[in-house]
Structures are given as structure tokens and as C-alpha cells.
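Colleague: What follows is a single structure, and I will ask about it in a moment.
All of the numbers you see were taken from the coordinates with simple rules; none came from a lab. Treat the numbers as computed from the prediction; the structure is a model and nothing was measured. Note: ideal-geometry Cβ built from the backbone for every residue, glycine included; neighbour counts use all protein chains shown.
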Amino acid sequence: MQEKAFVSGYYLDDKDLVEGIRALQEKDIEIADVRTPFPVHGLDKVLKYRRSRLPRAGFVAGAFGAAIGFGFQAWVFTEAWPLNFGGKPFLSVPSFIPVTFELTVLMAAFALVFGFLISSKLGPGADNVIFDEEVTNDRFQILLEVSNGNSEQLQSELQSAGAEGVKHHDV
Amino acid sequence: MYKSFEFTKKIKSFLIATIVIGAVLAVAGIAMNLDHTHRIWANVLLNGFFFTAIAMSAAFFVIVHVLGESGWHTSVQRIPEAMAMYVPIGGVFMLLVLVGMHDIYHWSHTEHLDEILLGKSAYLNPMFFSIRTVAYIIIWSLLVIWFRKTSLKTDTDANIKLFNRQRGIAGIFIVIFAVTSSTSAWDWIMSIDAHWFSTLFGWYIFVSTFVSAVAVVILLLFVLRRMGYMEHINDEHLHDLGKYLFGFSIFWAYLWVSQYLLIWYSNIPEETIYYVKRIQDFEGLFYANVIINFLAPFLILMARGTKRKLNWLIAASIIVLLGHWVDMYLAIMPGAIGHPEFGILEIGMTVFVLGIFLFMFFRNFAKAPVVPENHPYFKESFDYDNIR
Amino acid sequence: MYVSPVREPLISGEKSYSKVTEDIYAPMTGKPGKLWFGGLTLALIALGFGLFSIFITVWDGIGTWGLDRTIGWGWGITNFVWWVGIGHAGTFISAILLLFRQKWRTSINRSAEAMTIFAVMCAGLFPLIHMGRLPLGFFIFPYPNTRDVWVNFNSPLLWDVFAISTYLTVSLLFWYMGLIPDIGTIRDRLKNGIQKKIYAFLSFGWTGSARHWARHESMSLILAGLAAPLVLSVHTIVSFDFATSVIPGWHTTIFPPYFVSGAVFSGFAMVLTLMIITRKAINLEDYITKAHLESMNKIIIATGSIVGIAYITELFIAWYSGVVYEQYAFVNRAFGPYWWAYWIMMTCNVITPQLFWIKKIRRSFAATFVISIFVNIGMWFERFVIIVTSLHRDFLPSSWSMYSPTWVEVGIYIGTFGLFFTLFFLFIRFFPVIAIAEVKSVLKTSSEKFIKKGK
């Protein structure tokens, strides 16, 4: 396991956090991660995150679900086990709509949820490091990765960017 | 600060020209169809109802946002408010329909009623029908004017009591509209196929006109922007309008499927005859109706980006508006004239009524500031995000 | 995000972010009170009685129920539809109110979603046991088998299987994904020990990373966009169980949206019933306020009125249609042997919600509690009236019969309350009842007095 070190600084208000991030960005300091107790409006824009691809994954999975749902019903009712119910045609499209719709939603939901968990590396037994347990309470944290022993320097940068408390972490 | 709309001579002339062109085409069409008067009157009904219902649905749009204590809509609300003021004029067309009643409604031939129509004649008879028509127009006009007056008062008097009164009026409006939107649909449209019935029909027609109203709001917004007004409208407002167009198109399709699936599944002849007629004699239009009004907005507006760009919204709105005109056509013509007819008469009448609708819109839009600046939630309309 | 100062605050009192954590975490700490133990015990007793009734049903057979020709569906399916309907409020609050950007949903969505899951579990019980041979329940799923048969995809009863399964799954996923950040918060409050390890496991390693939040928001919004039509589809498909038939009183095109409205109506009533008690019992009055009450009651008037209009529409069209059987179905409902059920339904569903037009009643916790119970009673009777009165007297008078439930059927219904409340009491104790992170995200704009810490 490679030895990593991080420096963290926390804020008590989301506006101060955003100001701090801007200050660090002006000095071209790379931010490893930002952790907050709730989603902060506009943070992903400030941090220039690329828009999530989850919606696309959901759409593809939904289309797949629709195709499977309709195709399977059509096969069952025309090839495998044709039933004459009320004299309706074997390929009874209106009847196939409910199940097709449900499978669309189900597949899309699975894609979104598992896509989210996998891309964020979250799951049962995930061992992500929690640097500060107060983040999930009321602290907004900026994490900077230490390289070439510049921990002291990063800590002072964070303090001048307005952080309330600054700490070094060895992982 | 917000550029007030001026109903200039240029706009007036353009609209009057449109109305005149429509009138000329319509008269020509009428002249060509003097032996098919039911086709003439069916078109009066079609366009009379379509645009009146759009105007009422526009009022409903504002009303429902008032009741829901919404804030974002204040940026756009003057557009549907002005649209709603068409209702009294639309009412004139519905009164005209009363003149042509015998050409559209079989039940109005009181001497030739079969057993089933006799059973309904306590409700479906020319006298009661006329009274109801007049009542709808009067009540709807009063409600719309009352609401509009209160809304305009707030521009000069920022008293919070006026906004509370708006909520009160909205409550009364919505109850009356909830009932009369259904009963008017039964009266004017469902009774054309007088041997048929569907409990869903009233809501189905309403949602169709509501989606059309949203499309018209978007199109009018586009026109106003081109003229240099409504610059305060941002991507978030467009996104919200796009969401309504998207969501309610899907909801319309859901109601369409509900009615169709249930009648198809149970296969009871007195119900299925409605669809058999449409599939046999109006086949192309029948399937086009569902595809255009569902698939087009569904596929175009699903992505986030397209809901925020006026050009995409315009494309979707035009398709939806034309599509729901066809939807209304399919609701009326099979029972009224029996086979598809489309020509100068249809085009002329539509252009004529549309011209009058637009004239009333721009005239009323000019009578008030383009935004209700004193609205307590007005500022909220500029500082919100559609995530994702 | 700007919120007009004219708006009523959604969170009362002086709150900081850490106070929010503290308030919502508090009911999960210390020893649970007598009320909790008492409630859980009662629930477990009811559940036990229900399990016994189910055992009798499976062991002795479906003959222990009151079903007979021609009434093949009685309390069993009434209860099924009733529970599914109640479940709809959770998804409505989570999904549809999220799409409409209604901030007041943040205090109630977590428990409403939990309520949905528990309600759907209760509902799912009935299709399984009313088929009789519970151990062969898996037959309803399409899988390749040696009997060479497939399920009947054209049957609404099968559409139900897909709809309910999808609904349960998606609700569970939506609820849990929303819970993850809050479980992280609980995990971080705990000191080392078994409890902490369990919550750490359940938190899936949540860190609060902005990247994860961005994806989480994106996922939640699309799940909401999926869940909204899903919730419409579920009760629509349930309504298809009736509407696809030819029975007067059952076959009518308005059923899909009318059932959905009724479901949201009864669901909100149940949320109100539960939340009015819960907020007092575990001191969350600052978070579930009169503002929430009023908004929920507005939805009750809206959906209740839609249901009322649907009743009037059905009555009118029954007359208008000229179909003798349709007309008799409604005359029989109002004046036949089950007239009492019909009038209970009308009073509870049409009249009581209209009381909420009066502001004082709309903003009264006590009045709302009473009305919410009447609404749920009314909605139970609505399903009973639709099912039993339409079946007991349809086309052929020589087939007319009567139905009354046996103790076994009543026992199973009591058992579902036992299941529901057992799960609910466990939920209150072991999970945060309010969406901690979501409330914090609206704290600045929507609280009475926000305490800003730091500079």
C-alpha cells in the first residue's frame, strides 16, 4: 500500500468554503477532494466537475429494459406459449405496454443505483478513509494531497484561504 | 426595468391581415361546402373549442401555481394571463356552434330519437344544452376577468391582502373549472358520438388542451423574445416550461393508453365502435396522433439540454400544438362528418380563429406590465437552479 | 437560492447544522421509552395473530375465508389495494415533490418512503396468500420450466406482479440511496463498537465527497423522474385488475387516474396520522411544522376532490350511458344491502377533506389527525364498495349473493397492521426519521433562525 498523506482544512459555512476554494484555485493549488455534510449548490461548477454520465447509463439501460420486456412478451405470446384470450391477436401490443414500462423503469433504476455506487466506489465493506468525523455533522472540508513533504506549506495555504482548523493526515 | 409591451400598428396590421386571410379562405371553404354544412359547423366547433379551451387551460396554469404557492412562474405568468382573456371571445364561437347544433349533434333531432338517445334526452336536448353552453361561457369569462383584475391591481397596490385574495379566487376558480371542464367536454365533444361514453373523457380532453396551452405559452414567449421583450427569462424558466411540456405530454399519452387499453381489452361493442370507426376511416391520423403527441415530445425533451434551449422547445411546441389540433379533430370529425376531410375550409377557419386568438393575446398583454413586480415571490424567480 | 421572507419558515427555533444532527439523532440514543416498547409489543402481538391466521389459511385452505361464488374477491383484495394506495404517498413526496422543488418535503420524505416500503410489503402479502398455495407462489414469475408454460402476460394480475415488484425494488433503492449520507452521519456520531461497525457497513463508506454528492443529486433527480411515472403506473395497473373486466362498476375508463389520486389521498392521510404522533413522541416538532401540515392538507383537498369528482362522473355517466346494468350497479351501491358501506365512503372521502378549505382546520394538528383517520377509513370502504358491491349483484339476479369476512380474513388484516407498525417502530429506533442532509441543505433559506457558526 502506497503511503499517502493529506492535509485537511475545514470551514463552518458553505459560502466560506466556496471562497476558500476560489482562493486556492487562484494559486493553482490542486484540490484532492471537498467533503460536505450536504450537497452545496454550485460546488460542482466551482470545482469544474464534468457532468455525470449516470443519466446516459440510465437511458441505455431503460431502452434495454424496454426492448427485453416487449421482445420477450412478444416471443412468449407468438412462439412459445400462444394463448387465445378473448380472441385478441397473439401480438397484442396494448397488453404488452404495462410490463414493458415496468421493466424499463426497473433496468434504468438498477443502472443508476449501481452506476452511482460503482463509480463512487461506495458499497458494503468499502473502506474509504474518514479524515474528520465532523464533516457529516457540520464541517465543510477541503483535502489537499501532500507531495514531496510540502505538508507545512499546504497547511499555511489553507489557513490563508480561511480554513477554521487545519490538520495533517497520514493514510 | 422590464420593457413594457407595446401593441404597435405593425403587429396589429399583421394580425388583422392574418384574420382577413383566414376569413377569406374560410368563406371560400364555406362556399365550396354549402351542401355539407355539417363539415362547416364541425370546424366552427373544432376551432371554437380548441382555442377557448387553451385559453382556459392557460388560466388554470396560473391558478394552479397560485394555489401551490409557487414563485418561479411569476416571470412568465403574464403570458398565460393574457391568453386567458380570449375566453369571452372564444365564447362567441361556442354560441355560433349553438346555431349549427343540428348539423353536429344527432341527439338534437328530437323527432328521430332512438331508445338510447331518448334515455339521455333529459340532459342532451337543445334547450338544456344551450343553457349550459351559455352558462359555461359566462361563468368562465367572469372568473377569468375577476382573476385578471386582481392580478393587475397588484401592480399599483402591493398590499399583501391582494395576493391572499388571489388565492381565494384561485380556489373558487379551480373547483368550478374542475367540474365544468369535464361537463363541457361531455356536452360539446363527447355527445357527438352520442351512443358512446367514457368516464375518462373529460380529463382526457382537459389534459390535451393543457399541454397545448403550455406549447402556446412557449411559442408566444419565443415571439415576444424576437420582438425584444421578456429578456429576463433565463434558462431555468425555459427548463421548467420544458418540463411541463415533457411531463404532461407523457401524462396525455398515459390517459390515451388508459382509455384505449380498457376499451380494447373488454371488447364491448358499444364502446369499441368509437375506436373501430377511427381506425377504419381515419387510420393514418389515428396512429399519427399517438406517435406525434407522445413520441416527439418524449424523445426531443428527455435530455436536460434540449429543455433549456428555446429552439428545441419551439420545435417540440409546434409539433405538440399541431398534434393536439389533430387530436381534437379526431375527437370531433368521425362522429360529425364520418370521413377525413381537409382543405381550404379547415385551413381558413383555423387561421381565422388563431388570428383572433393572437390578436386578443397581444392586445391584453399590452394592457399590463410584463411581470407582476410587486409579487412577494417575484425575486425567487431569478435565483433558483434546476440541478442536473 | 433566494427564498422570499414572506414565506413561512419550514424549521422553527434556532438551529445550526449540528443542532439538526443532534435533534434527529436523539431518538436513536439512550434507552427507548415505555411508549416505544408498548407500541412495539402491541404490533408484535398483532403480527403474531396475523401469522396464525395465515397459517390457518394455508393449512386448512382458502375455504376458511368468506369468499364464495360470486364474490371471489373480498377483504383480501380490498386490503391489497388499500395498502398499495397508502404506499403511494412516500414516492409522491420523494419523487414528485422533488421534481416540483418543494422544500417542505425534506422533513417528511424519509419516513414517508419507509412507510411506502412497509405498506407495499403488507400489500404484497395478499396476492400471495389469496392464491392459496403459498409455497408455489414463485409460479407467478416467468421462468423456463419443465411444465413448458409461461405466465399470461396479457393478464392484469400478472402486470401487477411486475408493477408491485418493480415498485418495491425501486422504492427500496430510492429510500436507501437517500439514507446513505445520513447513515454516514450516524456512523460518525458513534464511538467504536459493534454499533459503529454495523452503521459503517450500512453507510457503504460514505465520505461526503463533493463528487459523490454531485452524482448522488444527479441519480436522485433521475430516480425521481423514473419513480414519478412508476408510482402512477402501479396504481394504474392495480386499477386495471378491475377496469379490464366487463363488470358494471368495474369496467370504466376513469379508473386509472382516479385510483392514483385516491392512492395519494390515502397515503398522505397515513403520513399525517403517523407524523402527527411521531413528531410529538420523539420531539421533532421544530421540523414538522404547521407549514408542512398545511401543504400536506392542500394535497389532501386536491386529491380528495379529484376522487369526489370521479364519483360524480361515474354516477352521471352511468345514467348517461343508458346501460341498465351500470345504472343498477350504482343504485345498488347507494340503496342496496351494502348501503352503509357506500355512505361511510361518501362521508369520509367526499365531505371530510373539504373541511380543509377552512384555514383554521387546515392548520390544526388535532383536527388533521382525526380527519386523516377518517380519510383512511373512507378509502378502505371505497375499495370494499367497488369490489364487493359490484361482484355481489352483477348481470344475473339468480347469482346474486352476499359476502361477509371470517375471523381469518380479519386476522390477516390485523396482522398487516402488526407488520407495518413493527417495521415502523424499528425504523424510528434504528434509522434517522428525518433526512438530515436534506434538511441541512434548506436550513439557511427556510429556517426561522439560522445559527451561523464560525466567522
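Colleague: Would you list, by chain and number, the aspartates and glutamates whose Cα falls below 14 Å from the Cα of residue B:153, excluding same-chain residues fewer than 8 positions away?
Modeller: Of all the aspartates and glutamates, those that pass the test against residue B:153 - Cα under 14 Å, at least 8 places apart if same chain - are B:81, B:373.
Colleague: Over the Cα atoms of region B:138-273, Rg to Rh with Kirkwood Rh, two decimal places?
Modeller: Taking Rg over the Kirkwood Rh, I get 1.07.
Colleague: Let me ask you something else. So how far, in whole Å, is the C-alpha centre of region C:23-92 from the one of region B:133-185?
Modeller: Computed from Cα coordinates, the inter-centre distance equals 45 Å.
Colleague: Another one. Fewest first, what order do A:41, B:324, B:237, C:88 take by the number of other Cβ atoms within 10 Å?
Modeller: The most exposed by this proxy come first: A:41, B:237, B:324, C:88.
Colleague: Sort C:3, C:84, A:135 so that the residue with the fewest other Cβ atoms within 10 Å of its own Cβ comes first and the one with the most comes last.
Modeller: Listing C:3, C:84, A:135 from fewest to most nearby Cβ atoms yields C:3, A:135, C:84.
Colleague: Name all residues of region B:351-370 having a backbone nitrogen under 20 Å from the label point set 7 Å from the Cα of residue B:21 along its Cα→Cβ direction, giving them as ranges.
Modeller: Within reach of a label on residue B:21: B:351-363.
Colleague: With the contact rule set at Cα under 8 Å and sequence spacing of 6 or more, what percent relative contact order holds for region C:304-455?
Modeller: Reported as a whole number, the value is 19 percent.
Colleague: Order the peptides B:345-355, A:157-167 from the highest to the lowest mean number of other Cβ atoms within 10 Å of their residues.
Modeller: Sorting B:345-355, A:157-167 by mean packing, highest first, produces B:345-355, A:157-167.
Colleague: Taking the Cα centre of chain C as the origin and placing charges on Cβ (Lys, Arg +1; Asp, Glu -1), which of C:109, C:374, C:12 is farthest toward the positive end of the dipole?
Modeller: C:12
Colleague: With unit charges on the beta carbons (Lys and Arg positive, Asp and Glu negative) and the dipole taken about the Cα centre of region C:174-291, which residue among C:206, C:247, C:281 sits farthest to the positive side?
Modeller: C:206
Colleague: Turning to a different aspect of this structure: Per-residue mean of other chain beta-carbon atoms within 10 angstrom of the beta-carbon, peptide A:50-61? Let's see the in-between values first.
Modeller: On the way: counts 2, 5, 9, 2, 9, 9, 1, 2, 6, 3, 0, 0.
Per residue, the number of nearby Cβ atoms from other chains is 4 on average.
Colleague: Under 24 Å from the Cα of residue B:10, which lysines turn up, not counting those fewer than eight places away in the same chain?
Modeller: Within the straight-line limit of under 24 Å, residue B:10 reaches these lysines: B:367.
Colleague: So for the pair residue B:225, residue C:430, with labels modelled 7 Å out along Cα→Cβ, what separation do we get in nm?
Modeller: A separation of 5.2 nm, rounded to one decimal place.
Colleague: With r defined as the distance between the Cβ atoms of residue C:198 and residue B:28 and R0 fixed at 60 Å, what FRET efficiency is calculated, to the nearest 0.05?
Modeller: Approximately 0.15, to the nearest 0.05.
Colleague: If you average the sequence gap of Cα pairs under 8 Å that are 6 or more apart and divide by the length of region C:97-231, what percent do you get for the contact order?
Modeller: 26 percent
Colleague: Let's test the formula: R0 of 22 Å, r as the Cβ-Cβ distance of residue B:299 and residue A:64. What FRET efficiency results, to the nearest 0.05?
Modeller: The formula returns an efficiency of 0.85 here.
Colleague: What translational diffusion coefficient, in µm²/s and rounded to a whole number, does the Stokes-Einstein relation yield for region C:24-165 at 37 °C and a viscosity of 0.692 mPa s, taking the hydrodynamic radius as the Kirkwood radius over Cα pairs?
Modeller: Taking Rh from Cα pairs, D becomes 180 µm²/s.
Colleague: Further, regarding this structure: Hey, quick one: spin label on residue B:134, modelled 7 Å out along Cα-Cβ, who in region B:180-198 has an amide N within reach, i.e. under 19 Å?
Modeller: B:184, B:187-188
Colleague: Turning to a different aspect of this structure: Given 25 °C and 0.890 mPa s, how large is the Stokes-Einstein diffusion coefficient of region A:54-119 in µm²/s, with Rh as the Kirkwood radius over Cα pairs?
Modeller: Translational diffusion coefficient: 193 µm²/s.
Colleague: Assigning unit charges at the beta carbon (Lys, Arg +1; Asp, Glu -1) and nothing else, what dipole magnitude in debye, to the nearest 20, does region C:220-320 show about its Cα centre?
Modeller: The dipole magnitude comes to about 160 debye.
Colleague: Something else now. Take residue C:312, project a point 7 Å from its Cα along the Cβ direction, then tell me which residues of region C:321-355 have their backbone nitrogen under 14 Å from it.
Modeller: C:350-351, C:354
Colleague: Shifting gears a bit: To the nearest 20 debye, what charge dipole does chain C have about its Cα centre, counting +1 at the Cβ of each Lys and Arg and -1 at the Cβ of each Asp and Glu?
Modeller: I would put it at about 2160 debye.
Colleague: Determine the dipole magnitude for region B:240-388: charges of +1 sit on the beta-carbon of Lys and Arg, -1 on that of Asp and Glu, nothing else is charged, the reference point is the Cα centre, and the result goes in debye to the nearest 20. Intermediate values should be presented prior to the final figure.
Modeller: Working: 11 positive and 12 negative charges, 115 e Å.
It works out to roughly 560 debye.
Colleague: Further question: Just want to confirm a number: the relative contact order over region A:1-114, from Cα pairs under 8 angstrom separated by 6+ residues, in percent. It would help to have the intermediate numbers written out before the result.
Modeller: Working: 70 pairs, mean separation 33.6, N = 114.
Taking the mean separation of contacting Cα pairs over the length of region A:1-114, I get 29 percent.
Colleague: For region B:37-195, just run the numbers: alpha carbon Rg, then divide by 2.2 N^0.38 Å, N being how many residues it has. Write out the running numbers ahead of the final one.
Modeller: Values: Rg = 18.1 Å, N = 159, 2.2 N^0.38 = 15.1 Å.
Here the answer is 1.20, to two decimals.
Colleague: Something else now. Based on the Cβ-Cβ distance of residue C:145 and residue B:290, what FRET efficiency does E = 1/(1 + (r/R0)^6) give at R0 = 35 Å, to the nearest 0.05? Walk me through the numbers on the way to the answer.
Modeller: Details: r = 36 Å, r/R0 = 1.04.
With a Förster radius of 35 Å, E is 0.45.
Colleague: Taking a cut-off of 21 Å, what percent of all Cα-Cα pairs in region B:199-336 are separated by more than that? Intermediate results must be reported in sequence, preceding the final value.
Modeller: On the way: 4152 of 9453 pairs.
Of all Cα-Cα pairs in region B:199-336, 44 percent lie more than 21 Å apart.
Colleague: Would you mind computing, in nm to one decimal, how far apart the modelled labels at residue C:453 and residue A:29 are, each placed 7 Å from Cα along Cα→Cβ?
Modeller: Going from the residue C:453 label point to the residue A:29 one covers 2.2 nm.
Colleague: Also: Fully extended, how many nm does the chain gain between residue B:341 and residue B:276 (0.36 nm per residue separation, minus their Cα-Cα distance)? If you can, show how the numbers build up before the last one.
Modeller: On the way: separation 65, 0.36 × 65 = 23.40 nm, distance 1.82 nm.
Answer, rounded to one decimal: 21.6 nm.
Colleague: Here is a further query. So how long is each side of chain B along the principal axes, counting just the alpha-carbon atoms, biggest first, in Å?
Modeller: Sorted from largest, the Cα extents of chain B read 63, 40, 39 Å.
Colleague: With each label point set 7 Å from Cα along the Cα-Cβ vector, what nm distance links residue B:149 and residue C:361?
Modeller: For the pair residue B:149/residue C:361, the computed spacing is 3.0 nm.
Colleague: Could you put B:130, C:295, C:245 in order, starting from the residue whose Cβ has the fewest other Cβ atoms within 10 Å? Present the calculation step by step, with values, prior to reporting the outcome.
Modeller: Numbers: B:130 15, C:295 23, C:245 18.
Lowest to highest Cβ neighbour count: B:130, C:245, C:295.
Colleague: Search the structure for amide H atoms under 5 Å from the amide H of residue A:165, placed 1.01 Å from N in the peptide plane, and list their residues when 5 or more places away or on another chain.
Modeller: Answer set, sorted by chain and number: A:10.
Colleague: Which entries in B:149/C:103; C:34/C:452; A:121/C:196; B:120/C:298; C:31/C:280 show an alpha-carbon gap greater than 25 Å?
Modeller: On the way: B:149/C:103 31 Å; C:34/C:452 37 Å; A:121/C:196 20 Å; B:120/C:298 37 Å; C:31/C:280 18 Å.
Those over the limit are B:149/C:103; C:34/C:452; B:120/C:298.
Colleague: Would you be so kind as to identify all helices of chain A, as entire DSSP H runs, whose Cα atoms reach 27 Å or more along the helix's own axis and whose mean Kyte-Doolittle hydropathy is at least 0.0?
Modeller: Span-like helices here: A:54-75, A:93-119.
Colleague: At 4 °C and 1.567 mPa s, what whole-number value in µm²/s does Stokes-Einstein give for the translational diffusion of chain C, with Rh from the Kirkwood sum over Cα pairs?
Modeller: Numbers: Rh = 23.4 Å.
The Stokes-Einstein estimate is 55 µm²/s.
Colleague: At q = 0.06, 0.09 Å⁻¹, what log₁₀ I(q)/I(0) does the protein assembly as shown have when each alpha carbon counts as one equal point scatterer in the Debye sum?
Modeller: -0.48, -1.08
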